[in-house]
Amino acid sequence: MAKDLKNDGGTRLTVHVPMRWGDMDAYGHINNVEVLRILEEARVHAFGPPAGTGLPGVEVELPVFSELPEGTQALVVEHRVRYLVPLNYRNVPARIEVWVSAVKGASFTVAYAIFDPVTGTKCVVAETTLAFFHEGTGTLLRIAAEKKAQLEPLRGESNFR
């Protein structure tokens, strides 16, 4: 999997996620369900895989998920996706900008913009709200001050205001 993570000097990280041939629908567009997979890949490229999953790989700039305490899960609470124009299949990775649009007591929201890698057209904007869940107690966890400080440099505007 190609990984190109850079901070653009502002509040956004840029990652590149490959589009797969099988991601296409009958019209040559990336299927809406596969867009969510691309968003998941972008989130993992930017913030690291959840603790205890996968094998070591490239270090991430902000290991939000990979440095969670034992028994803590990062769970998706909500996805919001707006399709602006079709994202057509290309055999080069899509460019995705990733930032944090909200940090609350027990959740935070990751925002994205997916761009056509050839034309630069913004095709999709989306947001994913996540919460930390402690498996042993079955409770949501408040976001620690250290985690909030880790997310703060990536604070930016919501795609849905």
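Within segment 139-161, residues that are under 16 Å from THR128 (Cβ atoms) reach partners that are of a type in the set (Asp, Glu) with beta carbons closer than 8 Å, at six or more positions or on different chains, in the pairs SER158/GLU127; ASN159/GLU127; PHE160/GLU127. Within segment 8-46, restricting attention to residues that are part of a helix (DSSP H, G or I) and of a type in the set (Val, Ile, Thr), the residue that is surrounded by the fewest Cβ atoms within 10 Å (Cβ to Cβ) is VAL33. Scanning segment 85-105 for residues that are under 18 Å from the mean Cα position of the chain (by Cα) and not basic (Lys, Arg) turns up LEU87, PRO93, ALA94, ILE96, GLU97, VAL98, TRP99, VAL100, SER101, ALA102, VAL103.
Condition check: in contact with a Pro (Cβ under 7 Å, 6 or more places away or on another chain) and surrounded by fewer than 18 Cβ atoms within 10 Å (Cβ to Cβ). Does ARG161 satisfy that? Walk me through it before giving the result.
On the way: in contact with a Pro (Cβ under 7 Å, 6 or more places away or on another chain): no; surrounded by fewer than 18 Cβ atoms within 10 Å (Cβ to Cβ): yes.
No; evaluated as a whole, the condition is false for this residue.
Need a quick list: strands (runs of 3 or more DSSP E) entirely within segment 66-161 having at least 2 residues that are of a type outside the set (A, V, I, L, M, F, W, C) and more than 23 Å from PRO49 (Cβ to Cβ). In segment 66-161, the matching strands (runs of 3 or more DSSP E) lie at 72-83. Residue pairs whose Cβ atoms lie under 8 Å apart, separated by 6 or more positions or on different chains, with the first residue in segment 100-111 and over 13 Å from PHE133 (Cα atoms) and the second among the acidic types (Asp, Glu) and crowded, with 17+ Cβ neighbours inside 10 Å, are SER101/GLU127; THR109/GLU127; VAL110/GLU127; ALA111/GLU127.
As for segment 137-146, it holds at least one residue that is surrounded by 13 or more Cβ atoms within 10 Å (Cβ to Cβ), touching a Ser or Thr at 6+ places or on another chain (Cβ under 7 Å) and farther than 16 Å from HIS16 by Cβ. Considering the conditions (1) aliphatic (A, V, I, L, M); (2) surrounded by fewer than 17 Cβ atoms within 10 Å (Cβ to Cβ); (3) modelled with pLDDT of 95 or more, VAL58 is excluded by exactly one of them, (3).
The values are calculated or read from the model by the stated rules, or taken from the named source; none is laboratory data. Keep in mind that this is a model prediction, so the values were computed, not measured. Positions of Cβ are backbone-derived with ideal geometry, glycine not excepted, and every protein chain shown enters the neighbour counts.
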